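Novice: Sending over a structure as structure tokens; questions will come in a sec.
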Amino acid sequence: MCVCVLRGDLHNRWHRRYRTQEEIDREALNDPLKRLALWMEGEGWWSKEEDAACRDAARKEVSEAMNAAELKPGPALSTMFEDVYGGELPWHLERQRQQLHEHLSMHGKAYETEFTKQ
């Protein structure tokens, strides 16, 4: 079983906006995942090579899942207003739903949604 957390560049840039490099370095020493990895390496239960392989496998799995999801059709546009309040829509959302329907009735060919097929 492989469990790892991938922290991308966006995460790193976010930290740099609000913290000094010294604060970031100090925080990194307290990262429980890094501490666990170091401890496991010390016990001989984990290695940098296994960590790299795990991260590569996770990146590949996520990439494959994203590619598969992108091939599937998106949800029906009409579902945008469902499952928000669990019942009748508030008046302002009902008005927005109606405005969307009217807009798509006039300009629907540009969108090709289920509203244009009614």
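Novice: Calculate one ³J(HN,Hα) per residue across the stretch 17-34 by plugging θ = phi - 60° into the Karplus curve 6.51 cos²θ - 1.76 cosθ + 1.60, and present them in order as whole Hz with x for glycine and proline.
Specialist: With coefficients 6.51, -1.76 and 1.60, one gets 5, 10, 9, 6, 4, 4, 5, 5, 5, 5, 5, 4, 5, 9, 5, x, 5, 5 Hz.
Novice: Given R₀ = 25 Å, FRET efficiency for GLU27-CYS54 by Cβ-Cβ distance, to 0.05?
Specialist: On the way: r = 23 Å, r/R0 = 0.91.
After rounding, the FRET efficiency stands at 0.65.
Novice: Going by average Cβ density within 10 Å per residue, which order do the peptides 97-106, 64-73 take, highest to lowest?
Specialist: 97-106, 64-73
Novice: Report the net charge of residues surrounding GLU41, where surrounding means a beta-carbon distance below 10 angstrom and charges are Lys +1, Arg +1, Asp -1, Glu -1.
Specialist: Spelling it out: positives minus negatives among the neighbours equals -2.
Novice: Starting from the Kirkwood Rh over alpha-carbon pairs, what translational D in µm² s⁻¹ does the stretch 77-117 have by Stokes-Einstein at 37 °C and 0.692 mPa s? Intermediate results must be reported in sequence, preceding the final value.
Specialist: Numbers: Rh = 10.8 Å.
The diffusion coefficient I find is 303 µm²/s.
Novice: Then there is this: P(r) tail for the stretch 9-71, what percent of Cα pairs lie past 14 Å?
Specialist: It works out to 72 percent of all Cα pairs.
Novice: Right, next: Sum up the charges of everything whose Cβ sits under 15 Å from the Cβ of LEU89, counting Lys and Arg as +1 and Asp and Glu as -1, but leave LEU89 out.
Specialist: Summing Lys/Arg as +1 and Asp/Glu as -1 gives -2.
Novice: Another question, then. Set the Förster radius R0 to 41 Å, insert the Cβ-Cβ distance between GLN98 and TRP45 as r into 1/(1 + (r/R0)^6), and round the FRET efficiency to 0.05.
Specialist: 0.10
Novice: Let me ask something else about it. With a Cα-only, solvent-free Debye model of the stretch 56-97, what are the log10 I(q)/I(0) values at q = 0.14, 0.24, 0.26, 0.30 Å⁻¹?
Specialist: Ignoring solvent entirely, the Cα scatterers give -0.55, -0.79, -0.86, -1.00.
Novice: Let me ask something else about it. Short version: ³J(HN,Hα) in whole Hz for each residue of the stretch 90-103, in order, from phi by Karplus 6.51 cos²θ - 1.76 cosθ + 1.60 (θ = phi - 60°), x for Gly and Pro, what are they?
Specialist: Values per residue, Gly and Pro as x: x, 4, 5, 6, 4, 5, 5, 4, 5, 5, 4, 4, 5, 4 Hz.
Novice: Calculate one ³J(HN,Hα) per residue across the stretch 44-54 by plugging θ = phi - 60° into the Karplus curve 6.51 cos²θ - 1.76 cosθ + 1.60, and present them in order as whole Hz with x for glycine and proline.
Specialist: x, 8, 8, 9, 4, 5, 5, 4, 4, 5, 5
Every number in this text was worked out from the coordinates using simple rules, so none of it is lab data. These numbers come from a predicted model, not from an experiment. Cβ coordinates were reconstructed from backbone atoms using ideal geometry, including for glycine residues, and neighbour counts include every protein chain displayed.
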